[in-house]
Amino acid sequence: MTQAKILAALKEAGVTAYMVRCGYDADAERQYREIAEATGGAYMNFADLGGGEALFDVQEFAIRDAAGEDVRALIEERASSGQLEGGSARALLQVFDKEARGGSG
């Protein structure tokens, strides 16, 4: 299936894609980034998240973001309570910043 067909199917189904880079493949990275951006989701680098535990937070934030919630306050709250490391929190804030992504939130 081509990227165009995948994107069309995702859009038709109303799917918001969130992609996490876990290795390095420039072509795959470009494709995943384009799919995430085109569906209103987000693309992030796993290395910026500070470890495996943050991946669970990413999943929760992606679900809430796709549901239209503003996850910025939640990320900031978890960072201030020590549940997220500073570097992870900064990376997540950049990923889920709707204004920076061109969204309406």
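Looking at the range 17-45, which of the residues that are without any contact (Cβ under 8 Å) to a residue 40 or more places away in the chain and of a type in the set (S, T, N, Q) is surrounded by the fewest Cβ atoms within 10 Å (Cβ to Cβ)?
Taking the range 17-45 first, the residues without any contact (Cβ under 8 Å) to a residue 40 or more places away in the chain are 17, 19-36, 38-39, 41.
Of the ones still in play, those that are also of a type in the set (S, T, N, Q) are 31, 39.
On the way: Gln31: 16, Thr39: 19.
Across the range 17-45, the extreme among qualifying residues is Gln31.
Going through the range 54-75 one residue at a time, which ones are touching an Asp or Glu at 6+ places or on another chain (Cβ under 9 Å) and either more than 12 Å from Phe96 (Cα to Cα) or touching a residue at least 60 places away in the same chain (Cβ under 8 Å) (or both)?
Ala54 - this is the single residue of the range 54-75 that is touching an Asp or Glu at 6+ places or on another chain (Cβ under 9 Å) and either more than 12 Å from Phe96 (Cα to Cα) or touching a residue at least 60 places away in the same chain (Cβ under 8 Å) (or both).
Enumerate the helices (runs of 4 or more DSSP H) found wholly within the range 13-105, keeping only those where 2 or more residues are at negative phi, modelled with pLDDT of 85 or more and of a type outside the set (Lys, Arg).
Filter on the range 13-105 gives 26-38, 53-66, 72-80, 86-95.
If you go through the range 38-67 one residue at a time, how many are within 25 Å of Ala4 (Cα to Cα) and of a type in the set (Gly, Ala, Ser)?
Qualifying residue count, the range 38-67: 7.
The values are calculated or read from the model by the stated rules, or taken from the named source; none is laboratory data. Everything quoted here is computed from the prediction, not taken from an experiment. Neighbour counts are summed over all protein chains in view; Cβ atoms, including those assigned to glycine, are modelled from backbone coordinates with ideal geometry.
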